[in-house]
Amino acid sequence: MTQALSTLADRVTGTVIRPGHPEYEEARRVYNGMIDARPAAIVRCATEEDVVAVVRLAAEQRMDLAVRGGGHSVPGFGTADGAVVADLSPMQAVEVDDAQRTATAGGGTTWGRFNDVTAAHGLATTGGIIASTGIAGLTLGGGIGYLGRAYGLSCDNLLSARVVTADGSRLTANADEHPDLFWALRGGGGNFGVVTDFTYRLHPVGELLVGLMFFELTDGPAVFRFFDEMLDEAPREYGGYPAIHLAPPLPFIPEERVGQPFAVVVSPWTGDPAEGQRFYDRFRQVATPAAEMVAPMPYPALNALFDPLLPPGLQHYWKNAWVTELSDDLIAAHMEVGGRMPAITCAMHMYAMDGAVQDVPSDATAFGHRDARYVINIAGMWPDPAENEANTAWVRDYYAAIAPHTQTGGYVNFASADDQQKAPDNYGANHQRLTEVKRRYDPTNLFHLNQNIEPSPVPPPRRTPG
């Protein structure tokens with residue numbers, strides 16, 4: 001293997017970083033500080049040819065292959081002990097076609113970079129909630145974000161992808177070429193290959209009206225109930241969600257309230273600002289906010305809103321679940337366990353899955369669970385490893401409290417490493433079809449460091465009569 005890695009260094013344009021290299025300690029780190037893996041090599045792939053070389057090396061040497069885009073995977077799938085890491089971070093070129101309203105971006109691009117480039121053209125597509133997240137992982141797992149009610153998931157806006165498959169082939173997957181692979185890439189995660197380029201549909205998005213409203217926890221049930229009732233007739237210009245947070249040290253938060261739990265409504269509005277102000281007034285009629293901020297904001301700024309609070313290196317442990325009905329018992333569980341949130345960086349977000357997300361049939365892409373009303377994400381995030389046991393227990397307690405009121409399975413982009421056995425439920429009714437696509441493109445399961453879909457068994461040959 002040592003000789004193979006030395007040979008690889010001569011084959012690739014990018015840098016091969018191995019133990020002992022001055023950049024190794026930094027290069028092996030991923031976003032989740034809880035992950036402390038020591039890969040055999042990190043290859044900073046500069047070209048598609050570099051990716052092919054890494055994939056072929058991993059297959060030939062039977063090494064674990066980790067693929068890293070933005071490195072935000074909570075289970076740390078962008079690295080592993082003894083693995084070779086295909087680090088796509090150098091591949092961040094973004095090209096916008098104004099006439100077609102599309103953008104093509106390299107597989108290592110972050111949403112922050114993508115949004116900055118497309119915003120200069122007055123365009124955007126559905127990204128995530130944190131700007132330092134990679135476009136690759138988010139899109140391949142589905143892609144929930146602020147623009148989802150208006151324009152669908154990230155994967156719904158994916159028009160084409162360049163993919164390096166397990167045998168080192170370079171394919172284009174879209175509606176016309178390799179449509180089975182294109183179907184699987186839109187929600188099936190990184191199970192089918194390394195996507196080196198993504199081409200997205202873009203939408204006109206200018207300045208948004210963004211509202212952050214912090215309500216007393218005692219008002220939380222009324223606010224959550226109003227949100228749920230309002231959702232059915234809310235214009236698609238509204239992309240908000242209810243949440244529970246400990247108040248961070250922001251200028252509009254009274255100093256004595258910092259660190260206290262609140263029911264929060266995060267509200268982006270892409271339409272007419274005056275209409276948005278009137279829409280936000282409806283929340284104030286339910287309860288008086290203890291603190292609030294409503295202001296115009298460019299989309300890239302909205303997408304980066306939480307980034308200063310969540311730097312790389314925090315400890316991460318998450319749980320999530322789908323919900324078809326926001327019952328009173330479920331709301332009560334949020335207020336009780338959510339109110340015991342242990343760190344100011346923790347969060348509970350409840351993202352709405354209606355609007356344009358549900359315009360797409362459940363079997364049109366690999367992303368399942370389009371019948372859900374919300375996905376609940378319990379994001380445990382804290383700085384001190386000494387608090388791992390206690391804070392992980394809080395996340396698990398929270399999940400146990402809401403579990404009786406939720407659907408089977410969860411959203412793969414919010415899943416933790418110990419959710420691996422839930423993969424069939426996480427992919428829902430599409431799982432069997434995904435196993436068949438997996439068998440066609442990755443029969444040996446080279447791409448297994450993910451929320452893994454195992455290839456279906458090879459079907460027995462048909463017996464001819466007679």
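For Gly220, what charge total do you get from the other residues with a beta carbon under 13 Å from its beta carbon, if Lys and Arg give +1 and Asp and Glu give -1? Before the final figure, lay out the partial values.
Numbers: positive: Arg225; negative: Glu216, Asp219, Asp228, Asp328, Glu336.
Here the count lands on -4.
If I take every Cα pair under 8 Å that is 6 or more residues apart in the chain, average their sequence separation and divide by the length, what percent do I get for the relative contact order?
Values: 1082 pairs, mean separation 73.5, N = 466.
Contact order relative to length: 16 percent.
How large is the translational diffusion coefficient of the range 256-354 in µm² per second when you combine the Kirkwood radius over alpha carbon pairs with Stokes-Einstein at 10 °C and 1.306 mPa s? Could you put the intermediate results ahead of the total?
Working: Rh = 16.3 Å.
Taking Rh from Cα pairs, D becomes 97 µm²/s.
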Exercise. ³J(HN,Hα) across the range 44-58 via Karplus (A = 6.51, B = -1.76, C = 1.60, θ = phi - 60°), whole Hz, x for Gly/Pro?
Worked result: 7, 6, 9, 9, 5, 4, 4, 4, 4, 4, 5, 4, 5, 4, 4
For this session: Among Ala37, Leu326, Asn388, flag the residue with its Cα farthest along the positive direction of the charge dipole of the chain, charges on Cβ as +1 for Lys/Arg and -1 for Asp/Glu.
Result: Ala37
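From the C-alpha coordinates alone, can you work out the Kirkwood hydrodynamic radius of the range 193-286, in Å? Walk me through the intermediate numbers first.
Working: mean 1/r = 0.0658 Å⁻¹.
Evaluated on the range 193-286, it is 15.2 Å.
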Exercise. What is the sum of charges around Ile144, taking Lys and Arg as +1, Asp and Glu as -1, for the other residues whose C-beta is under 14 Å from the C-beta of Ile144?
Worked result: +2
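Based on Cα coordinates alone, diagonalise the gyration tensor for the chain, multiply each eigenvalue by 5, take square roots, and list the semi-axes in whole Å, largest first. Let's see the in-between values first.
Numbers: eigenvalues 267, 117, 103 Å².
Working through the eigenvalues yields semi-axes of 37, 24, 23 Å.
Quote the charge dipole size of the range 281-436 about the Cα centre in Debye, to the nearest 20; the model charges only the Cβ of Lys and Arg (+1) and of Asp and Glu (-1).
Using only the charged Cβ atoms, the result is roughly 140 debye.
Taking the highest mean first, how do the peptides 28-37, 302-311 order by number of other beta carbon atoms within 10 angstrom per residue?
Details: 28-37: 20.2, 302-311: 17.4.
Put in order of decreasing packing, that is 28-37, 302-311.
If you put +1 on each Lys and Arg Cβ and -1 on each Asp and Glu Cβ, how big is the dipole of the chain around its Cα centre, in Debye rounded to 20?
Values: 34 positive and 55 negative charges, 235 e Å.
Once rounded to the nearest 20, the dipole reads 1120 debye.
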For this session: Please give the peptides 348-359, 13-24 ranked by average Cβ packing (other Cβ atoms within 10 Å per residue), highest first, as a rough proxy for protection.
Result: 348-359, 13-24
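Provide the net charge surrounding His448, with neighbours chosen by a C-beta distance below 9 Å and charges set as Lys +1, Arg +1, Asp -1, Glu -1.
Result for the local shell: -3.
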Problem set entry | Pair-distance profile P(r), taking every C-alpha pair of the range 321-383, with 5 angstrom steps and integer % | 4, 16, 22, 20, 14, 12, 9, 4, 0
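Once you have a ≥ b ≥ c as the square roots of the Cα gyration tensor eigenvalues for the range 1-139, tell me rounded if a/c is under 1.5, and otherwise prolate or oblate according to whether a/b is larger than b/c. Provide the component values of the computation, followed by the final result.
Values: a/c = 2.56, a/b = 1.71, b/c = 1.50.
Prolate is the answer for the range 1-139, as a/c is 1.5 or above and a/b outweighs b/c.
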For this session: Whole Å is fine, so just give me how far the alpha carbon centre of the range 367-419 lies from that of the range 37-90.
Result: 27 Å
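Read-outs: derived from the displayed coordinates by stated rules, not from any lab. All values derive from a computational prediction rather than experimental measurement. Because the Cβ atoms are built from the backbone with ideal geometry, glycine has one as well, and the counts that use them run over all protein chains shown.
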